[in-house]
Amino acid sequence: MQVHLNPPLEPGNAPLHAAAIVATAADISGAELDYSPESIDLVEDIVDDFRAEGVTGEHMAESLIAFGCYVGEVLTRHVGGAWRQAPMVSPTAVPLVVQLPDARECQPIDWVFRRLEFGAGVSIRDLYAAADAGDAPSDEQTWR
């Protein structure tokens, strides 16, 4: 996947991408993303709308990454932790994770891409709740 983000996708820039998508979502659809855990439902709705329109991850990569940064910011603000660079596991993976205080790593950007690909079968809200509760999903792939 080829993306051209400015600023580049690095741990220190993830909050900037989140803030940009907050402004964009407000301008385009009037969505009020307020960094609350409840606002993850809005992210799911927006991604579901993309899916219904037949949008692909490749086509909307920059926006999906920004929504993932937003979800990651909700994690860091409410659960704790920090953005970290992760080793690239595959050429299509986004090598940015949120490392929680207990050292677990969450991949909120991948959660958003997976929601677009698989629809309601991937609940970003449930993944967030599992991270908040300190639980690990039973299927490691779901965690990613």
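The values are calculated or read from the model by the stated rules, or taken from the named source; none is laboratory data. Given the structure is predicted, the values throughout are model-derived calculations rather than measurements. With ideal geometry, Cβ positions are generated from the backbone for all residues, glycine too; neighbour counts draw on all protein chains shown. For the accessible areas, the whole protein counts, side chains as well, though only heavy atoms, and no ligand, DNA or RNA atoms are used. Shrake-Rupley method; radii C 1.70, N 1.55, O 1.52, S 1.80 Å.
Restricting the first member to region 112-125 and to residues that are in contact (Cβ under 8 Å) with a residue 24 or more places away in the chain, and the second to residues that are open to solvent by 70 Å² or more (accessible area, probe 1.4 Å) and assigned to a helix (DSSP H, G or I), the beta-carbon pairs closer than 7 Å and six or more apart or on different chains are 116/51; 119/51. Taking first residues from region 32-43 that are farther than 14 Å from residue 79 by Cβ and partners that are at pLDDT below 95 and part of a loop (DSSP other than H, G, I, E, B), the Cβ contacts under 7 Å between residues at least 6 apart in sequence or on separate chains come to 42/31. In region 28-131, counting only helices (runs of 4 or more DSSP H) that sit wholly within it, the ones holding 1 or more residues that are open to solvent by 30 Å² or more (accessible area, probe 1.4 Å) and farther than 18 Å from residue 16 by Cα span 40-52, 108-118. Quick check: is even one residue across region 8-25 in a loop (DSSP other than H, G, I, E, B) and farther than 26 Å from residue 87 by Cβ? No, that holds for no residue. Within region 92-111, at least one residue is under 10 Å from the mean Cα position of the chain (by Cα) and over 18 Å from residue 13 (Cα atoms).
Considering every residue within region 12-19, establish whether at least one is loosely packed, with under 13 Cβ neighbours inside 10 Å, out of contact with any Gly (no Cβ under 9 Å at 6 or more places or on another chain), without any contact (Cβ under 8 Å) to a residue 24 or more places away in the chain and farther than 22 Å from residue 134 by Cβ. No, region 12-19 contains no residue that is loosely packed, with under 13 Cβ neighbours inside 10 Å, out of contact with any Gly (no Cβ under 9 Å at 6 or more places or on another chain), without any contact (Cβ under 8 Å) to a residue 24 or more places away in the chain and farther than 22 Å from residue 134 by Cβ.
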